[in-house]
């Protein structure tokens with residue numbers, strides 16, 4: 001799983017570079033984000049602009065990270081979904097579980113106000 005992070009206020013933005021969030025990288029993704037939470041980065045924003053496919057393994061990893069942020073009294077937001085991935089979130093009803101934004105800047109600006 002290739003990604004980098006940046007900071008915007010209290011938010012740690014995780015910029016994913018892989019095109020897939022699936023069984024080949026979901027455990028690595030989940031463990032990496034849980035490590036960030038353990039390092040007191042409890043408000044996470046996942047920039048999924050480059051992700052083209054999310055499978056059930058990827059959704060499971062996102063759900064595990066969401067539970068971890070909630071336990072730490074933090075938050076998880078997802079942004080920059082392309083049309084196909086946004087449709088996957090809607091079809092699977094995952095859009096009802098996650099805070100999803102078209103633009104990650106909207107997330108960090110909302111938190112700042």
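At-a-glance table
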quantity	calculated
Qualifying helices (runs of 4 or more DSSP H) (wholly inside the range 31-113; at least 2 residues being buried (at least 20 other Cβ atoms within 10 Å of the Cβ) and in contact with a helix residue (DSSP H, G or I) (Cβ under 6 Å, 6 or more places away or on another chain))	56-71
Count of residues meeting criterion [touching a strand residue (DSSP E or B) at 6+ places or on another chain (Cβ under 8 Å) and either farther than 16 Å from residue 54 by Cα or not in a helix (DSSP H, G or I) (or both)] in the range 8-30	14
Which numbered condition residue 5 misses (of (1) outside any helix (DSSP H, G or I); (2) closer than 10 Å to residue 61 by Cβ)	(2)
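Computed from the coordinates by the stated procedures, all read-outs in this text should not be read as laboratory data. Keep in mind it's a predicted model, so treat the numbers as computed, not measured. Cβ coordinates were reconstructed from backbone atoms using ideal geometry, including for glycine residues, and neighbour counts include every protein chain displayed.
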